Every structure is written in C-alpha cells, then in structure tokens.
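The values are calculated or read from the model by the stated rules, or taken from the named source; none is laboratory data. Everything numeric in this text was worked out from a predicted model, so none of it was measured. Please note: Cβ atoms are built from the backbone with ideal geometry, for glycine as well, and neighbour counts cover all protein chains shown.
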Amino acid sequence: MDINALREYFLDLQERITSAMGTLDGKSFFADEWHKPEDSKLKGYGRTCILDNGNILEKGGVGFSHVRGDQMPPSASHHRPEVAGRSFEAMGVSLVFHPNNPKVPTTHMNVRCFIAQAPDKEPVWWFGGGFDLTPYYGVDEDCKHFHQTAKNALDPFGSELYPRFKKWCDEYFYLKHREEPRGIGGVFFDDFNELGFEKSLAMTRAVGDAFISAYLPIVKRRHQESFTAAEKSFQEYRRGRYVEYNLIFDRGTIFGLHSGGRTESILMSMPPVVQWRYSWHPEPGTPEAKLYDYYLKPRDWLA
C-alpha cells in the first residue's frame with residue numbers, strides 16, 4: 001500500500017481534468033492550495049481548483065484532498081463498526097461542473113480511498129467513487145455514450161460490475177423526499193475492496209481516467225446550442241435538486257462537514273445561481289415534462 005503513489009495518481013488526475021476542461025472552456029482553473037494545521041481536528045493538505053464565469057462552465061470545481069484524523073467520525077463508521085475508534089486517512093478527487101448552457105448536463109465525479117488503522121491490527125481500507133450525469137434537456141445519444149464509457153472502463157475487471165454499479169448509482173443518487181432521481185445516473189461504488197488492494201485500485205483508476213471521455217464529448221456537442229431565458233430558468237430550478245441532495249444525502253459532504261474538513265472546498269459543488277418554486281410542475285408535453293416522464297426514470301441505456 002503505497003500512499004505516495006496514491007497521492008500522485010489523484011493529483012495527476014486532477015491536473016488532467018482541469019487541463020482538458022480548461023482548454024475546452026478557454027478559461028483556466030484557479031488553484032487554491034490549503035493546509036489543515038496539526039492541532040486541528042482534521043489534518044492534511046488539499047488543492048481546490050475553481051473555474052467561475054467561464055465560457056462554458058458557469059462554475060466548476062475539482063478538488064483534491066488528503067486528510068487524516070485520530071478517530072473515524074460516526075457518519076463514516078456507523079455501517080463499518082470495525083473501524084470505530086481507529087485513526088484514518090482519506091484521499092481522493094471530487095468534481096462538479098455546472099454549465100452555463102442548460103443544454104449541457106451538470107456532472108459529478110469522485111474517486112477516493114479510505115484507510116483506517118489501529119495499533120497491532122491490519123489496516124482496513126476501501127475505495128469508492130463513480131460519475132453521474134444530470135441533464136436538464138436530455139438527449140438519448142448523450143446518455144448512451146456516458147453509460148457506454150462507464151461500462152467500457154469497468155468490463156476488464158468483471159462483466160458484472162457495470163450493471164451492479166449502475167443500479168447502485170440509480171439507488172444512491174435518489175432524492176427520497178422528492179421521490180425522484182437526481183439525473184440519469186452513471187456508476188457508483190463504495191466500501192469496495194473485494195478485488196484486493198492493487199486490482200481495486202486499478203479499477204478505481206479506470207473509472208477516474210474514463211471521466212474525460214465520458215463527459216467532454218457531450219459538452220463539445222451541446223455547448224453552442226441556443227437556449228431561451230425560460231430554459232435557463234428551468235436549469236436554475238432543477239439545480240435546487242442538486243443542492244438538496246448534496247446537503248441531505250451525500251456521504252462525502254456529510255463526512256467532510258462532520259469530520260472538520262474545509263468547508264469552502266466541501267461546498268464547492270454548490271451551483272452559483274439556484275431557484276426554488278412552490279409546488280411547480282411542468283406543462284404536459286413540454287421538453288421540461290419529458291425530463292421527468294422519460295429521463296428521470298431508471299432505464300437500461302445500453303439495451
């Protein structure tokens with residue numbers, strides 16, 4: 001278990017993604033490096049890269065963090081009682097891209113590793129991550145491409161992984177209080193160690209490496225499409241679901257806030273402009289209604 005090699009991979013992934021997206025956007029990411037002091041609850045280092053008011057991205061954030069603490073917080077240990085009371089390290093890359101154009105989907109990606117240790121005991125470790133797509137005006141071609149790229153990344157490690165992680169994603173990114181999914185899914189996995197450390201790491205890397213190929217072709221196809229003020233308003237309304245999900249359900253957000261993480265970096269996923277409307281529903285037969293009636297229904301996009 002080479003911690004330095006893990007760190008180098010995650011930092012390189014962050015650099016590759018910000019470089020590719022920044023080149024396409026025409027505006028570079030701003031890098032904010034931060035350190036948590038040794039006397040703080042959570043210690044460590046991070047690098048948060050932000051692109052605001054870009055040509056394509058209204059807001060994009062790609063964060064790397066490597067933090068450690070003396071004791072796993074309850075939000076991380078309640079479903080893994082064997083790690084309660086252990087010291088821990090958590091490392092990974094997380095991103096959210098909120099585009100200007102409502103014809104371009106929002107996306108999220110995360111790959112991470114947790115290691116919990118105790119004296120005279122074997123380390124307990126696991127990987128997690130995935131990527132998912134949240135369209136406002138869905139296009140079948142984009143949904144199929146996104147899912148096919150995820151499947152291609154996972155198939156070398158087992159043909160059962162894509163359907164399993166696809167189902168996990170559909171169930172995880174679900175707003176229970178709204179009774180609707182956040183988007184059209186993708187893949188998601190957590191607490192994953194069943195392939196052994198090296199192969200589990202290789203699988204996680206394959207997912208992280210596939211993100212650029214999954215998302216950027218969609219951006220290139222859609223970012224110059226015309227849109228109306230009403231379509232922009234609908235995008236801002238649907239962004240509210242993103243905020244609700246991240247603050248209520250997302251394990252990474254909850255872990256970061258409960259463990260004493262850096263708040264600005266944890267909340268970089270928040271969109272810059274959001275609307276909430278009281279008891280609003282789209283008119284039947286409209287493109288907005290199609291999002292609810294067709295795209296926000298779990299389906300096999302590769303059938």
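Tabulated data
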quantity: Flag if Ser233 is surrounded by fewer than 20 Cβ atoms within 10 Å (Cβ to Cβ), polar (S, T, N, Q) and within 24 Å of Ile115 (Cβ to Cβ); calculated: no
quantity: Hits in segment 132-179 (condition: surrounded by fewer than 20 Cβ atoms within 10 Å (Cβ to Cβ) and in a strand (DSSP E or B)); calculated: Tyr174, Leu175
quantity: Single residue of Val219, Val207, Val243 found to be closer than 15 Å to Tyr137 by Cα and outside any loop (DSSP other than H, G, I, E, B); calculated: Val219
quantity: Identity of the residue in segment 38-56, closer than 27 Å to Thr204 by Cα and more than 16 Å from the chain's Cα centre (by Cα), that ends up surrounded by the most Cβ atoms within 10 Å (Cβ to Cβ); calculated: Leu51
quantity: Residue list for segment 263-283, filter: exposed (fewer than 12 other Cβ atoms within 10 Å of the Cβ) and free of Cβ contacts under 8 Å to residues at least 24 places away in the same chain; calculated: Thr263, Tyr278, Ser279, His281, Glu283
quantity: Residue tally, condition of a type in the set (A, V, I, L, M, F, W, C) and within 18 Å of Pro271 (Cα to Cα), over segment 18-55; calculated: 6
quantity: Unique residue being over 19 Å from the mean Cα position of the chain (by Cα), among the small types (Gly, Ala, Ser) and at pLDDT 95 or above when the list is Gly60, Gly158; calculated: Gly158
quantity: Given (1) farther than 23 Å from Cys169 by Cβ; (2) in contact (Cβ under 8 Å) with a residue 12 or more places away in the chain, index of the condition Thr286 fails; calculated: (2)
quantity: Qualifying residue in segment 289-296 (condition: in contact with a Ser or Thr (Cβ under 6 Å, 6 or more places away or on another chain) and touching a residue at least 40 places away in the same chain (Cβ under 8 Å)); calculated: no
quantity: Which listed residue is of a type outside the set (Phe, Trp, Tyr), over 19 Å from the mean Cα position of the chain (by Cα) and modelled with pLDDT under 95, from Ser233, Ser269, Ser226, Ser279; calculated: Ser279
quantity: Matching entry among Leu51, Leu42 (being free of Cβ contacts under 8 Å to residues at least 40 places away in the same chain, of a type outside the set (Ser, Thr, Tyr) and in contact with a Lys or Arg (Cβ under 7 Å, 6 or more places away or on another chain)); calculated: Leu51
quantity: Test result for Lys151, modelled with pLDDT of 95 or more and over 30 Å from Gly26 (Cβ atoms); calculated: yes
quantity: Condition met for Leu291 (over 15 Å from the mean Cα position of the chain (by Cα), assigned to a helix (DSSP H, G or I) and at pLDDT below 95); calculated: no
quantity: Scope segment 23-37; condition within 15 Å of Ile50 (Cα to Cα) and surrounded by 19 or more Cβ atoms within 10 Å (Cβ to Cβ); matching residues; calculated: Asp25, Phe29
quantity: Matching residues, segment 222-240, being assigned to a helix (DSSP H, G or I) and without any contact (Cβ under 8 Å) to a residue 40 or more places away in the chain; calculated: Ala229, Ala230, Glu236, Gly240
quantity: Only one of His145, His98, His108 that is farther than 16 Å from Val207 by Cα and not hydrophobic (A, V, I, L, M, F, W, C); calculated: His98
quantity: Members of segment 126-157 found to be within 27 Å of Leu6 (Cβ to Cβ), hydrophobic (A, V, I, L, M, F, W, C) and out of contact with any strand residue (DSSP E or B) (no Cβ under 6 Å at 6 or more places or on another chain), listed by number; calculated: Ala153, Leu154, Phe157
quantity: Candidates Gly22, Gly60 - the one that is of a type in the set (Gly, Ala, Ser), in contact with a strand residue (DSSP E or B) (Cβ under 9 Å, 6 or more places away or on another chain) and not in a strand (DSSP E or B); calculated: Gly22
